[in-house]
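As structure tokens, the structure follows; a few thoughts come after it.
The values are calculated or read from the model by the stated rules, or taken from the named source; none is laboratory data. Model, not experiment: these values are computed from the prediction. So basically every Cβ, Gly included, is an ideal-geometry build from the backbone, and we count neighbours across all protein chains shown. Heavy atoms of the whole protein, side chains included, go into the accessibility calculation; ligands, DNA and RNA do not. Shrake-Rupley method; radii C 1.70, N 1.55, O 1.52, S 1.80 Å.
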Amino acid sequence: MKEKIQKIIENLAAPDVSFADVRITFTDYESIFFMNANLRDYSSSKGSPAIGIRVLIDGCFGFAGSKDLSDASIQRLIFRARANAIHGAKFQKEKLTFPELPAVSGEYEYKPEIDPFAMPKAEKLDYLQRLATAIKPAGKIVHSYAAGQFERQEKYYANSEGSFNHMIVTNTLPMMMVVASDGKQTQSRTWPGHMSAGRAGFELFHQQRFEENTERIIQEATDLLSADVITEEKADIIIGAGHLALQLHESVGHATEADRIFGQEISYAGKTFVKPSMLGKFKYGSDILNIYSDSTDPRGLGYHLMDDEGVPGRRVDIIKKGILMDQQSSRHIAHKLGLQPSSNMKASFADDFPLVRMTNLCIAPGKGSLEQLIASTQRGYFLDFTKTWSIDDNRNNFQFTTEIGYKIHDGKITGIVKEPTYFGITPEFWNACDAICGEEEWAYHSTFHCGKGEPGQVMRLSHGVAPARFRDINVSVKM
Amino acid sequence: MNEQLKYLQSALQKNPELKYTLVLNLWQTDFLRFYQSQTNYNISKDSSSLNATLYKGKKSCSFNIDHPDHPKIDAALAAALEMIDAMPEDPDFVDIEDDLTLAEPRQIVNNIEAFSLDKKTRFLNDLATRAAQYDFELYGTFICNYQRYHLLNSNGLDKTSTLSPIYLEVKAVHKDSQVTVLQTFGADDFKHFDEAAFGESLLRKIVLGQNPVVDVQPGEYEVILAPRCVAEFAQYLSFGMRAQAVDSHNSFFEGKVDQKLFPAMFSLTDDPADPRMIRMDYGDQGHIYRPLKLIEGGYFRAFMCGQYFHHKLGLPKNGNLGVCLKVDCGAAKLPDMIASVKKGLYISSLHYMNFINARETSLTGLTRDGTFLIEDGKITKVVNNLRFTERISRIFENLIELEDTAQTIPFSGNYAEFSVSSAKAPHARVKGFNISSSTRTI
């Protein structure tokens, strides 16, 4: 395949082509879904091929992608990519340009402890069926599911600067949920929340202690039916790591994607309140807040040797001591902003156009355990397990609801509340952060489902976080 | 019939104990994306895939093959046959689709070829020049898809369909204030595309976007919801009209068939036959897709239900998907609707809605692409985007009046697989719409 992709690069060489790159992916996928303890869906695909060819001609990118890797298809894609660039340049004011990078090459293969594609299928099904049976409808539980998705992707990348990359990774997404009803209302609980994916094989189910938590989610979903709602206007909240990963994702991650500054995502995903003039000055959060993008950490789904336009993996400080320092960027936008490209251009599959994407976006750990943080909180709520999320198209005004909130009184958990909802304005919220737990609580929380771009792509990515506390947050939403 | 589909069907016929559903999907798109009145990127993309679900009694498994060929089909089928006996049963499964009704044949033009890339860039260049006179720049997408699929199953179902949706979304954004207004076009035929009218409508909105920008306080407002908002609220409301929602105890409509839930002016139909919509021939299991009254004169009438949940829940089967929703028009004229608002809001578009509690239809979301203040019956100012937290059922309960004409609104399915669908709705005047916070940004 290396020879094939390099031959395509050679065939793309032409006097009018200032840059070109080619990606080829082969993807294995398997999904197992038990609903109410019955197998509702088992689906798989093996070695799904995809190829994408991108050329820069006359300052405009053209792209063509397909599932067909035949020589005839590749000739057609080269023709289409060139035509798209040439025609696109007719509706352009500013020619797209960026500096050359030195050629680099690399190979990487991640090997999971328990390869989900090599382990016996019966073993996988048995495990999930046992899990599904443990949470099947009974008592107040009226609906449940237990599921796993497994993905293995092999990717080849080459560009006209001579860079080459070959990478094989395996990711797993385990999940389970119960719905409780008292006939008037329903309440739900998931485990371990919505950021449950990982760079791992089947061992992720064991690492995330699924079997140990079936009783807990059944009990909590049932208890939520008779739980109070938050009545205060404002409260101190501690956000659990799984939900904080999503808070980070929505209000810092997407907000610091530099393509949004220039409106490249307006038509679907939106823009950002961040402006180039804020870099190095803007007080995004409190002094204890340090946020970085790190595509060099192999524990996260965002790890790579180089991104999908040949920029080697990097760790970049996005927010340092609360100040906005940098952006997640492409080569073109980094050049426009006078920055170094951050190695954040990614596409879900080879036949997708690369976009500025989060890789491993992390909050640096602070100090202390979650237990100590709760103990140091006089009154407030510990919120975790995302239920609803929403943020405006400037990534400024957000509102989140979690499945459950745990009341804190005099440093102790004293009860639960249902559907706790908080809202805020991004910089005000992050400036209200006064404590972040330490290394012992810090972990990656990952998703398969970050949507962006048109045609739409869903990206696999990770957030490294530890629970954190935010003071005096709006928790009263009138309806 | 496609050769690969035929090959797989032949192989399956050697296993008479199996039932099966096969779908061959050939898809292509041409996708022009623009920002700051210039091309962002320009994409051509195609795919072919063969999806199979095999059933042995109450056991089943599925596989998908991208760019299928004989060796891939042989390997996938062998793996499926080897594993199907080990699959746990689904006691709720009874049978695969058995509706053999064929849709009326339609002539579908490949719209990728009907409106060339040159023509697209020329149209956008002209529009950009006109918008620039007001210091607005254009952002958006111009998409044409072409899709052919062939669905067959062991119950004798054998159906093909072709779709070629058009999706044009143009956002005009002021260079300094960032005030944004939106104009869209969606259809499956370019004969409905009036370039001049599209441009004129966008420019009228641009003129409104030059008003001063203000914030408004949270609270309840009388609002004029643009057709896009009405359509999107109807889509969210329709989640509870799906049999799956009943099955998962998340339906607002459970146990409410033939109950009056909304004002008599509110009627909602899933209408795949309307020629001004992006039409559909079949549901995803191949059931004929026909108009279905969901809300009629305020009464809830029917759940959308396919084969599986028909057997499991005993609901009538119709194969509807809710991707062609149409809200009936009322009798009001838009200028009169605006004129009747003493102090309120005109909301053009919605953003990032998500249910808080689907069974209660409670959700939160934001306004986008043009929110305006109405004072003494006139649009006077642009308002920063606003957050609302509402029950959709309450929004439709609070309808005051509906416009006498409807617009087709295209929606792109951008989250997972890329698809284009449409809905149709008129403007609506609604009382007591709950604005829960201000974003402080346009």
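Of all the criteria given as (1) within 26 Å of residue A:269 (Cα to Cα); (2) open to solvent by less than 20 Å² (accessible area, probe 1.4 Å); (3) of a type in the set (D, E, K, R), the one not satisfied by residue B:135 is (2).
Pairs meeting the criteria (first residue in the range A:97-108 and touching a residue at least 60 places away in the same chain (Cβ under 8 Å), second residue surrounded by 13 or more Cβ atoms within 10 Å (Cβ to Cβ) and charged (D, E, K, R), beta carbons under 7 Å, at least 6 apart or on different chains) are A:98/A:331; A:100/A:161; A:101/A:161; A:103/A:161. In the range A:277-295, the condition of being of a type outside the set (Ser, Thr, Tyr), open to solvent by less than 10 Å² (accessible area, probe 1.4 Å) and farther than 22 Å from residue A:468 by Cα is met by no residue. Out of A:284, A:292, A:303, one residue alone is in contact (Cβ under 8 Å) with a residue 60 or more places away in the chain, among the aromatic types (Phe, Trp, Tyr) and under 28 Å from residue A:351 (Cβ atoms). It is A:303. Restricting the range A:399-439 to residues that are open to solvent by 40 Å² or more (accessible area, probe 1.4 Å) and in contact (Cβ under 8 Å) with a residue 40 or more places away in the chain, which is nearest to residue B:439 (Cα to Cα)? Per the stated criteria, the residue is A:431. If you check A:414, A:386 for being within 14 Å of chain B (Cβ to nearest Cβ), in a strand (DSSP E or B) and among the polar types (S, T, N, Q), only one passes: A:386.
Only strands (runs of 3 or more DSSP E) whose full extent lies in the range A:121-200 are considered here, and the ones with at least 1 residues that are surrounded by fewer than 22 Cβ atoms within 10 Å (Cβ to Cβ) and more than 14 Å from chain B (Cβ to nearest Cβ) are A:141-159, A:164-181.
Of the set (1) within 30 Å of residue B:105 (Cβ to Cβ); (2) under 15 Å from the mean Cα position of the chain (by Cα); (3) aliphatic (A, V, I, L, M), all apply to residue B:243 but (2). Looking only at residues of the range A:62-80 that are without any contact (Cβ under 8 Å) to a residue 40 or more places away in the chain and either among the hydrophobic types (A, V, I, L, M, F, W, C) or assigned to a loop (DSSP other than H, G, I, E, B) (or both), we find that the one that is farthest from the other protein chains (Cβ to nearest Cβ) is A:72. Applying the criterion of being β-branched (Val, Ile, Thr) and more than 7 Å from chain A (Cβ to nearest Cβ) to the residues of the range B:350-391, the residue that is nearest to residue A:404 (Cα to Cα) is B:361. For the range B:60-95, the tally of residues that are open to solvent by 20 Å² or more (accessible area, probe 1.4 Å), at pLDDT 95 or above, more than 8 Å from chain A (Cβ to nearest Cβ) and outside any loop (DSSP other than H, G, I, E, B) stands at 5. Restricting B:15, B:40 to residues that are more than 11 Å from chain A (Cβ to nearest Cβ) and either assigned to a loop (DSSP other than H, G, I, E, B) or farther than 23 Å from residue A:41 by Cα (or both) narrows the list to B:15. Restricting attention to the range A:117-175, the residues that are in contact with a helix residue (DSSP H, G or I) (Cβ under 9 Å, 6 or more places away or on another chain) and charged (D, E, K, R) add up to 3. Against the numbered list (1) of a type in the set (Ser, Thr, Tyr); (2) surrounded by fewer than 22 Cβ atoms within 10 Å (Cβ to Cβ); (3) assigned to a strand (DSSP E or B), residue B:349 comes up short only at (2). Residues of the range B:96-130 that are in contact with a His (Cβ under 8 Å, 6 or more places away or on another chain) and surrounded by 14 or more Cβ atoms within 10 Å (Cβ to Cβ): B:97, B:99, B:117, B:121. Residues in the range A:6-22 that are under 33 Å from the mean Cα position of the chain (by Cα) and either outside the structural domain of residue A:86 (by TED's automatic domain parsing) or not aliphatic (A, V, I, L, M) (or both): A:6, A:18, A:19, A:21.
Before we move on, is residue A:118 surrounded by fewer than 16 Cβ atoms within 10 Å (Cβ to Cβ) and modelled with pLDDT of 95 or more?
yes
Look at (1) free of Cβ contacts under 8 Å to residues at least 12 places away in the same chain; (2) more than 9 Å from chain A (Cβ to nearest Cβ); (3) within 30 Å of residue B:179 (Cβ to Cβ) and you find that residue B:104 fails only one, number (3).
Regarding residue A:91, is this residue facing chain B (nearest Cβ under 10 Å), closer than 26 Å to residue A:343 by Cα and not polar (S, T, N, Q)? Answer is no for this residue. With respect to residue B:341, determine if the residue is in a loop (DSSP other than H, G, I, E, B), away from chain A (no Cβ under 14 Å), of a type in the set (A, V, I, L, M) and open to solvent by 30 Å² or more (accessible area, probe 1.4 Å). No; evaluated as a whole, the condition is false for this residue.
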